[in-house]
Structure formats: structure tokens, C-alpha cells
Amino acid sequence: MINTPRISVRPDHPDFVDLDWSRPISEWTSSRLVSMPEGIHRHPVVFVAYSQGIYAIKELPIRFARHEFETLGALEEITSHVAVPVGLVERPWIDKDSESSGTVITAYVSHAFPYRHLVSGHDFGQRRDALLDAFAGLLVELHLHGFYWGDCSLSNTLYRWDASSIEAVMIDAETSSIYSQLSKGQRLEDLAIMELNVAGEMADIAAEHGVSIDDADLALGSDITARYVTLWDELTTSLIVTAGDHYRIRHRIERLNTLGFAVDSIDLIPVDDGVNVKMRVRVGGRQYHSERLRQMVGIDTSENQARSILSDIAYHEAKVGSTSATRRSVGTMNWRSQVLEPLIDEISVDLPDQPVYQAYCDFLAYRLRVATERSRDVDNNEAYEAWKAAGFPRFKGSDHPSTEQR
């Protein structure tokens, strides 16, 4: 009997038919296998390399595989902070409840790494605040779109440097569900599961470093929840606007944009016999700055990288004196051709293993530092030579890994 798998693959990716689907992935010996730094997995995971890129293959019972593939696909429509599903493989000759009856294939999350790469000693040290913000922001964004995680943890998330911040990417949707809207009870349950899981992970880290459980960072999960509550309230609390104070509507939108959230719609509901209005906002994905940068100059970056690069565009336009909408467009294109692209070319040669836009943001931070120290404007050539001579220092505290990791 020939064991023939059922392979469903999205366009523009390999067909994966050259892999040995007759055996569990833990027994593969394919030359396509690559070793990548990874976190703790509930199910077997391997990485394979093709000309189109690197892919993660996770093996699990087919009903869970189908569910995860479909859920990741649905989430991909609303956020960039999830692993991209590429394929689903079924082994119909194997019992459907068997661990090896199905596999999910996802695109490799470039330049990402597991949370343990952020650990300093037995905790996260100076990176703690950045991790808290990234994790809370991811959970808020997912909950806003009706996503109930069900097994939220540090291990089910990947991280990558995002300018001076950290970006969190959800990679495990096996236990999740998507609703039109989450109730407060569902959100609180997800947070409670997260706190329990994170406490266990921090206890494990402490034990690995020979630290007493009393000294483990068991409050990390509750601190994530506190930041989650603050951000959730900012995004969902209605605003009462009195007559003559309509400028507060604009300020509210600007504040939400600053947090990285695009505003999809605004409802203005008359209250107090029509004297005042209640403002309700529906926010979209946490990609406001990255989408704006994409529209302006056609480059794709993460959210905080985009924020940093947009500031550089504004700095350039202020120097060249753009004033009208037309001149602004010309100034932006000049920035891309005269500023960004030459520097990107140099960075690609000098730092070939680094994510190029993260490195560019590192350069911008160093340029500002040099200008501050010298109390004068510093042009890009001068700043780049100084950055290079100093060994390409990065954002303070980032210390990002030198290789791509998943």
C-alpha cells in the first residue's frame, strides 16, 4: 500500500512533495533540514529550507492541525503579528488521533527568537519593560479582534527587535477560538491562563539558574495584565465630548495612532439631550505607522521601526524645506533615493546577517546620539563613519542576536 499524503499549499511556496511524509518528522534525514534556535514545543517541530525561504513544520493530530491552519489564516487578515500559514498536510493512513496524522507548515518568522534569548541571568533585566509592553500589546490586539488564545504563554510567542522596542509574534493557535467579540469573562480567563503559564516559565528559568523560587520573577504575568488593562481601557473607553471641545476627538485619534492602532470607524452618539456626544472608536490592527510608511515609500517594516523611519523622513523634509503636498511627495521620494537606499546598501555590505531596517534604526539612534554629543547637526556620511568606527553599536539594551532565529 502506498502512503500518499494530502498536501494543501498556498501559492508562491514550495509543494513540499520531496519530503518523506511516510515517516514522522522526527525521523526525517532530508538534506533540507536546518537547525534553528527554538523554544519549548508541545509537538515535534522541524525546519526546512527551500529557495523560497525557511519553513517550520509542526506535527500534531489532524483536527488540531486543521484548526490551527484555519485560525492562523483568519488572523493573518487582521494582524501582521502572527505566523503565516503556508500549508496543511494530512496522512490519511494514520489514525486521526495520532500525533503524526497531520502537520501545519508556517513561514519562518525572520529575525525572530524565543523568549529565553531575552533572559538576563534568571530574569529579563533591562529588557523586562520592553517584553511586558510587547506581550500586552499583542494580547490586546488579538482580543480586540475576538481571538481567545486559550494557552497564552511566553513559549507560544516569538520575539524580534523593533527599533528600540520588542515585537511579539503569536505562533501557536492550537487551543484558540475566534468570536465576533470576546466577553469580559473570556478576556479575564485568557489573562488568568497567561499569568499561570508565565509564572511557571519564570519558575523554570529561576530553577535553571539555581535561584530560589522566592526570587523568581513570578509577578511578570500580573505585570503584563496591568499593562494590558491600561491599554485596553485606552482603546475601548468611550469619550464624552462637550460642545466646543470637539478638538478632543482629533486628539483621541492621534493618541490611538501614537499607540500604533489605526482607527477603523468612529461613532458619535448624542447624549444629554443632544448637548454632548459620546465618542466610540473601533480600532484596527496595530500597524498604523508601518501601513503609513508602506503607502508613502513602499517599504515593509515592523511598527516601531516604521515610527523611527517616519521621523527620519520628517527630519529630512524639514531640512530640504518641503511645504506643499506635492513637494512633500517629492521630498519623500528624494529621501528614499538619496538617504535610505545608499545607507541600506552600505549596511547590507557591512552587516550582511542583520535585519536591514532594524540596523537602519540603530544607525538613526546613533546619529542622534552623536549630534547630541557634538551639539550640532551631523550628516549621514559623518554619522555612518562614526557608527562604523564604533563597531556598529545598537539601541541601548537591545543586543539583538547575530543570526536569524525562530
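Please treat every number below as a calculation from the coordinates, not as lab data. Predicted model only: the values in this text are computed from it and were never measured. Cβ sites come from the backbone with ideal geometry, for glycine too, and all protein chains shown count toward neighbours.
Rounded, prolate or oblate: which fits region 233-324, taking a ≥ b ≥ c as square roots of the Cα gyration tensor eigenvalues, rounded meaning a/c under 1.5, else prolate when a/b beats b/c?
Taking the square roots of the gyration eigenvalues as a ≥ b ≥ c, region 233-324 is prolate.
Counting only C-alpha contacts under 8 Å and six or more residues apart, can you give the relative contact order of region 237-283 as a whole percent?
Working: 60 pairs, mean separation 21.6, N = 47.
Reported relative contact order: 46 percent.
Between residue 33 and residue 66, what length comes free when the chain is fully extended (0.36 nm per residue of separation minus the Cα-Cα distance, one decimal in nm)? If you can, show how the numbers build up before the last one.
Numbers: separation 33, 0.36 × 33 = 11.88 nm, distance 2.35 nm.
Contour length minus the Cα-Cα distance gives 9.5 nm.
Looking at the chain as a GNM with Cα springs under 10 Å, which of 57, 224, 240 has the largest mean-square fluctuation?
240
Which residues' amide hydrogens lie under 5 Å from the amide hydrogen of residue 147, considering only partners 5 or more residues apart or on another chain, with H built in the peptide plane?
Amide H neighbours of residue 147, under 5 Å, 5+ apart: 179.
Give me the tail of P(r) for the chain as a percent: Cα-Cα pairs with distance above 39 Å.
Of the Cα pairs, 27 percent sit more than 39 Å apart.
Apply the membrane-span-like helix rule to the chain: whole DSSP H runs, Cα extent along the own long axis of at least 18 Å, mean Kyte-Doolittle hydropathy at least -1.0. List the helices found.
Working: long enough: 62-76 (21 Å, -0.17); 128-144 (24 Å, 0.98); 184-208 (36 Å, 0.01); 220-236 (24 Å, 0.08); 303-320 (26 Å, -0.53); 356-374 (27 Å, -0.10).
Length and hydropathy pass: 62-76, 128-144, 184-208, 220-236, 303-320, 356-374.
Return the single residue from 196, 75, 132 with maximal mean-square fluctuation; model: Gaussian network over the chain, springs between Cα atoms under 10 Å.
Comparing 196, 75, 132 in a Gaussian network model of the chain, the most mobile one is 196.
Can you tell me the dipole magnitude for region 237-283 around its Cα centre, using point charges on the Cβ only (Lys, Arg +1; Asp, Glu -1), in Debye to the nearest 20? Let's see the in-between values first.
Details: 7 positive and 6 negative charges, 37 e Å.
The dipole of region 237-283 has a size of about 180 debye.
Identify all lysines with a Cα-Cα distance to residue 58 below 24 Å; exclude those on the same chain that are fewer than 8 residues away in sequence.
Filter leaves 96.
Please list, by residue number, every one of the GluC sites (Glu not before Pro) in region 1-96 that is coil in DSSP and has at most 14 other beta-carbon atoms within 10 Å.
Values: sites: 27, 38, 59, 68, 70, 76, 77, 90; in loops: 38, 77.
Loop-located and lightly packed - 77.
Take region 115-234, compute every pairwise Cα distance, and split them into 5 Å bins from 0; I just need the percent in each bin.
The distribution over region 115-234 is 2, 12, 22, 25, 19, 12, 6, 2, 0, 0, given as percents.
Pull up all non-local amide H partners of residue 283: gap of 5 or more, or a different chain, and H-to-H distance under 5 Å with H placed in the peptide plane.
264
Based only on other Cβ atoms within 10 Å, what is the fewest-to-most ordering of 315, 384?
On the way: 315 15, 384 20.
With the fewest neighbours first, 315, 384 line up as 315, 384.
Assuming 1.306 mPa s and 10 °C, estimate D for region 221-271 with Stokes-Einstein, Rh taken as the Kirkwood radius over Cα pairs, in µm²/s. Display every interim value, and only then the final one.
Values: Rh = 12.5 Å.
The diffusion coefficient I find is 127 µm²/s.
Of 261, 147, 16, which has the largest mean-square fluctuation in a 10 Å C-alpha GNM of the chain?
Highest fluctuation among the options: 16.
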